[in-house]
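Written out below as structure tokens is the structure these notes cover.
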Amino acid sequence: MHIFERALEEAVCSAFNVKDCYIDFERKKIIPVIDPYCIHKWMWSEENKILELSFSQLNRGTILRCVRNFKRFMSLTKGDELAKKWRAKVHCPVIGQIRYAYGDEISVELGNNIDGTMRKPEWVPGEIPYYREGRCLWFYVLRIIEENSKIKVYLSRGSKNFPVALLKTRFPWVRFKALKRIRGKVSWIEASEKISKEILSEVSKELMGESLRLIIKR
């Protein structure tokens, strides 16, 4: 109801050129807060008080303006929720499907009409033959930028923290610290607990065979 109320208020205020209005949904009445010197005479009673307008008195233009406002507010609300969701994913791994590679950039489909971009400095040299259309891979979310209600997601597979992020998805209670990484070759990681060889092998596969060397520091 809150979004619809905002949409209706803005439409009524625009229609009568006022700054504010009161809407009573139970009685289906609208009371514009109006400057008495700037309104139509028919909106005032003999006692010089503002007359209430019923919903049925709204003309077609005001109703259409209300519908447009409602759609716009809904779009902004969804955009805010989506931005909040992706802000929480920064420095986390996400899976995506490569759409295309063009020049020094790779476009990645992340779902919900969100595309990610991985620029050449974030590539792993030995993986480049795998950066092909349709290929599904894990990516590390470097940052997001919000522009004109749209979200731009910047990705990496070369970040030093990417192997650690993949391990954290499996062991969120373990403390990890990325020490050094030679992209596509080996990563040295500090961990507060031992990790099984099976799990390390799984993560290594997601890194295209990159070796993971853990240093246990409790």
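The values are calculated or read from the model by the stated rules, or taken from the named source; none is laboratory data. Here the structure is a predicted model, which means the values were calculated and not measured. Here Cβ is always computed from backbone atoms with ideal geometry, including for glycine, and neighbour counts include all displayed protein chains.
Annotations
- G184 part of a loop (DSSP other than H, G, I, E, B) and either of a type in the set (K, R) or in contact (Cβ under 8 Å) with a residue 40 or more places away in the chain (or both): yes
- Subset of the stretch 151-164 that is touching a residue at least 40 places away in the same chain (Cβ under 8 Å) and in a strand (DSSP E or B) - its residue that is nearest to the chain's Cα centre (by Cα): I151
- Filtered by the rule that a residue be surrounded by 13 or more Cβ atoms within 10 Å (Cβ to Cβ), outside any helix (DSSP H, G or I) and free of Cβ contacts under 8 Å to residues at least 40 places away in the same chain, the stretch 107-129 gives S107, E109, I114, D115, G116, T117, M118, R119, W123.
- Cross-chain or 6+ apart pairs with Cβ under 8 Å, the stretch 193-209 first and in a loop (DSSP other than H, G, I, E, B), then of a type outside the set (D, E) and surrounded by fewer than 13 Cβ atoms within 10 Å (Cβ to Cβ): E193/I216; E193/R218; K194/I216; M208/Y130
- Some residue of the stretch 150-157 being closer than 21 Å to S211 by Cα, surrounded by 17 or more Cβ atoms within 10 Å (Cβ to Cβ) and out of contact with any Gly (no Cβ under 8 Å at 6 or more places or on another chain): yes
- Of the criteria (1) surrounded by 17 or more Cβ atoms within 10 Å (Cβ to Cβ); (2) within 19 Å of M208 (Cβ to Cβ); (3) at pLDDT below 95, which one T169 fails: (1)
- Which listed residue is among the small types (G, A, S) and either in the same structural domain as D104 (by TED's automatic domain parsing) or closer than 28 Å to E109 by Cβ (or both), from A191, A178: A178
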